[in-house]
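Step one of this worksheet: look at the structure below.
Please treat every number below as a calculation from the coordinates, not as lab data. Keep in mind the model is a prediction, meaning the values are calculated, not measured. Using ideal geometry, Cβ is built from the backbone for each residue, glycine included, and neighbour counts are taken over all protein chains shown.
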Amino acid sequence: IQEKVLKGMGILAVDMIMWTNMLSGLGTLLFTIVSGELSAALTLFAVEPQILFWLICQAISGYCGLRCYLLIVRERGAVFAVVVTSFRKIATIVLSFLVFTKPFTRRHFMALVILQMGISCMIVSRRLSTTKYTSRMKGKRKPRV
């Protein structure tokens, strides 16, 4: 849907982010009011103001990430954007092993093997479908007018 809206309707990524976040924020505000969590959150922010600071930093970071994601969707398509976000997640996991000392277990290795097999299957599938498409197009002739 995002790709159709961004490319087909010519909506700017900034506008899409604004409207989706505004609706999400309104829904969250209503939920926190009804559940009573809003007053508890405001009390927490008054007692621990650094929590509000980090919450704002997280929101800004999320906005920047979403903006980049939507620009990738507009320029390269939704599939490419999903691939980019998958590689970002992999990089985050690798960095977490490098920064925080944790053991690399047999389960981690098997997960990497399965991930590599999935990526390989996707690459082979795309190459085969591209090859079949181009070979079909070579055999077709343009009709005479």
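So what's the back-of-envelope 222 nm ellipticity for the chain, counting only DSSP H runs of four-plus at -39500 (n - 2.57) apiece and dividing by all residues, rounded to 500? Before the final figure, lay out the partial values.
Working: 5 runs with 118 residues, N = 145.
Taken over the chain, the calculation gives -28500 deg cm²/dmol.
With everything on Cα atoms, drop me the angle between helix 78-99 and the longest principal axis of the chain, reported from 0 to 90° to the nearest 10. Helix 78-99 sits roughly 60 degrees off the main axis of the chain.
In the chain, how many lysine pairs have Cα atoms under 28 Å apart, counting only pairs 8 or more places apart or on different chains? List each step's numbers first, then the result.
Values: Lys4/Lys89; Lys4/Lys132; Lys7/Lys89; Lys7/Lys132; Lys89/Lys102; Lys132/Lys140; Lys132/Lys142.
The number of close lysine pairs in the chain is 7.
Residues Thr92, Thr85 in ascending order of nearby Cβ atoms (within 10 Å, fewest first): Thr92, Thr85.
Using the Cα coordinates of the chain, the gyration tensor eigenvalues translate into equivalent-ellipsoid semi-axes of 42, 28, 12 Å, sorted from longest to shortest. Multiplying the residue separation of Phe53 and Met117 by 0.36 nm and removing their Cα-Cα distance gives an extension gain of 18.8 nm.
Helix 13-35 axis versus longest C-alpha principal axis of the chain: approximately 40°, rounded to the nearest ten. The C-alpha atoms of the chain define a longest principal axis, and helix 106-139 lies at about 40 degrees to it.
Computed from the C-beta positions of Cys68 and Thr43, the FRET efficiency with R₀ = 35 Å rounds to 0.50.
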